[in-house]
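Data block below; observations after.
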Amino acid sequence: MYRYNEQDKHLIEQRALQFKHQTERFLAGKLGDAEFRSLRLMNGLYEQVHAPMLRIAIPYGLLSSVQVRKLAEVAQTYDKGYGHFTTRQNMQFNWIALEKVPEVIQELNTVEMHSIQTSGNCIRNITSDPLAGVAGDEVADPRPYCEILRQWSTLHPEFAFLPRKFKIAVSGAEHDRVGLRIHDIGVQIRKNEAGETGFRIYVGGGLGRTPILGQVLREFLPERELLAYLDATLQVYNRLGRRDNLYKARIKILVKQVGIEEFARQVEARWQKLKQDTSLHLTAERVQEIQQHFIAPEYAQEPEDNALFTERFTTNPFFSQWVKQSVTDHKVAGYSVVTVSLKSSNNPPGDITTAQLNLLADLADQFNFGELRTTHTQNIVFSDVRKADVFALWQALKEADLASPNVGTLTDMICCPGSDFCNLANATAIPIAQAIQDRFSDLKRVYDLGDLRLNISGCINACAHHHVGHIGILGVEKSGEDYYQLMLGGSSADDASLAKNIGRAIAKADIADAIENVIAVYVENRKENERFIDTYRRIGVSKFKERVYATH
């Protein structure tokens, strides 16, 4: 993984020191709330229900075991013994005292971590495929390009105060595992007919109050032009984006209003001028320099069909079921990719304790070359596990309540903290997740339902991406009570689509029943091996709506 050079270290240390002084001035009454607000947001600090929430950047989801241990230390020393992984592959702490935040940031600096640009109207954390470098369908490893974009965007002087927040995702695979079309910019690595590396660029995607899927801005952009072209895109947005209306400030609104053709014309015109700036050229030497940080580990040479693994898989039904849900193929024979579910019924989705973090760090050192990845679905990935070690890894995870065999199922749901923690939320989200997990606790039944994504957001800001869940739940408030809108038909994958609201909001006490009814309609109408999303698209919304509202 990328290791900081002296310039990187100096930058984050100076930024941390700067924020320490700003916080001290605020606490001393020398900075007002409004003045401090923009400063804290640029350092990932929010005012929340119980205490400030600090969001820690995990660029493209990659963590060393040393960094994981530091997160565990922060959780134990400054929080309440746990943290929360987000859909942008970051970590959030919800209980850190304001006066301790600068100290926490300085602690994070010691392991090359920070909270810069995890909030504010700037370019946020660059996200990517958790299977980067190990997936069989990969055109090229996206991590070097993610790192190049991280360096380009961090404290970029022109893009520090954009009209609104800005999110970029990079994929190097044939199949979309990053949600390219729900980002402000999606970068998909491609090869042209000559075998040259380049990018398809999507623009104008995003969820929230006005969900929109991104459109293709350019089919093939030469590798060398990546920075200049993105610079041009951001400049056009920075100049034309709405600053007078918070709800119309995102680039998706601009693209929709002017049209993709006109927006592309303006970007191309600006790009032609920026192409003359050699400092923006992404040279082959620069790409190779960054690629050296992502060289594949020294894989052991062993037969693809490991006899011990096969024996365990055949004789232990609990292990074999976990493998079916959690273990996927690796491009190197004899290795596997293991996804660790953070969706145990004992914890809110995405939450992880100090003890669990420390264990994962130890297991990463033992089984995974000292690295871990975070995912958009609030889980953890071990990317390079020897097939012979998968059983031992499972045993260790099981002891720590980290071996829930539900990856990719209904109970592997995405969930935001909701009004239990967030000032912006209209309704709770965690209790809804718990109610659905309790209702669908029968794993045999859950497996029968197959591939099914359920996402729960506590407000219209859509932190849990409810618009692209096969089933989406959105919390709303009615007369001081928690209610929920039910949406169906969303996807952030290759078949990207936005879920549609099926009708009036449903009371909190009835939402588990509503999901039960939705599932019943699916089971009654599905064809053999047909996914929920495909059944919904085939039969439409009417049968689902009729069943849900028949009793509510």
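The numbers here are math on the coordinates, done by the rules we state, and not lab data. Since the model is a prediction, treat every value here as computed from it, not as a measurement. All Cβ positions, glycine included, derive from the backbone under ideal geometry; neighbour counts span all protein chains shown.
Listed by chain and number, the lysines whose C-alpha is less than 20 Å from the C-alpha of Lys331, apart from same-chain residues fewer than 8 away, are Lys191, Lys387. With one equal scatterer per alpha carbon and no solvent term, the Debye-computed log10 I(q)/I(0) for the chain at 0.09 1/Å reads -0.67.
Toward the positive end of the charge dipole of the chain, with +1 on the Cβ of Lys and Arg and -1 on the Cβ of Asp and Glu, the farthest Cα among His376, Met413, Asn245 is that of Asn245.
Each residue of segment 99-116 is assigned a 3J(HN,Hα), and the resulting list reads 5, 8, 4, x, 5, 4, 4, 5, 4, 5, 4, 5, 10, 6, 10, 7, 10, 5 Hz, derived from the Karplus form 6.51 cos²θ - 1.76 cosθ + 1.60 (θ = phi - 60°), x at Gly and Pro. Around the amide H of Ile56, modelled in the peptide plane, lie the amide H atoms of Met91, Gln92, Phe93, all under 5 Å away and 5 or more residues distant in sequence or on another chain. In this calculation the C-beta distance from Glu524 to Val476 is compared with R0 = 25 Å, giving a FRET efficiency of 0.30. A full extension of the chain between Ser320 and Gln14 corresponds to an added length of 105.1 nm, given 0.36 nm per residue minus the alpha carbon distance.
With viscosity 1.567 mPa s and temperature 4 °C, the Kirkwood radius over alpha carbon pairs of segment 376-423 converts through Stokes-Einstein to a diffusion coefficient of 99 µm²/s. The 3J(HN,Hα) values that the Karplus relation (6.51, -1.76, 1.60; θ = phi - 60°) gives for segment 506-519 are, in residue order, 10, 5, 4, 5, 9, 5, 5, 5, 4, 5, 4, 5, 4, 5 Hz. Gly and Pro appear as x. Within the chain, the cysteines lacking any other cysteine Cβ closer than 4.7 Å to their own Cβ are Cys122, Cys146, Cys415, Cys422, Cys459. Shape class for segment 352-508, computed from the alpha carbon gyration tensor (a ≥ b ≥ c): prolate, with a/c not under 1.5 and a/b above b/c. Taking 12 Å as the cut-off, the amide N atoms of segment 154-190 that come nearer than this to a point 7 Å along the Cα-to-beta-carbon line of Val139 belong to 171-176, 187-190. Restricting segment 126-181 to GluC sites (Glu not before Pro) that sit in a DSSP loop and have at most 15 other Cβ atoms within 10 Å of their own Cβ leaves Glu174. Contact order for segment 307-399, expressed relative to its length and based on alpha carbon pairs under 8 Å spaced 6+ residues apart, stands at 31 percent. In debye, nearest 20, what is the charge dipole magnitude of segment 11-149 about its Cα centre with +1 on Lys and Arg Cβ and -1 on Asp and Glu Cβ, if you could check? Computed charge dipole of segment 11-149: roughly 380 debye.
3J(HN,Hα) couplings calculated from phi for segment 344-349 with the Karplus curve 6.51 cos²θ - 1.76 cosθ + 1.60 (θ = phi - 60°) are, in sequence order, 5, 5, 8, 9, x, x Hz; Gly and Pro show x. Close amide H contacts of Asn125 (hydrogens built in the peptide plane, cut-off under 5 Å, sequence separation of 5 or more or a different chain): none are found.
Global dimensions of segment 307-399 from alpha-carbon coordinates: Rg and Dmax equal 12.9, 37 Å.
Note on segment 414-550: Lys pairs 8 or more places apart or on different chains, Cα atoms under 28 Å apart, count 16. Here the relative contact order of the chain, from alpha carbon pairs under 8 Å that lie six or more residues apart, stands at 12 percent. Here the dipole of the chain is about 1920 debye; that uses its Cα centre as origin and unit charges on the Cβ of Lys and Arg (positive) and Asp and Glu (negative).
Loop-located GluC sites (Glu not before Pro) in segment 181-285 (DSSP state other than H, G, I, E, B) with a sparse environment of at most 16 neighbouring Cβ atoms within 10 Å: Glu193, Glu196. As an exercise, identify the GluC sites (Glu not before Pro) in segment 445-552 lying in DSSP coil whose Cβ has no more than 16 other Cβ atoms within 10 Å. Sparse-neighbourhood loop GluC sites (Glu not before Pro): Glu528, Glu530. Annotation: amide H of Gly370 within the under-5 Å range of Asp365, sequence separation 5 or more or interchain, hydrogens built in the peptide plane.
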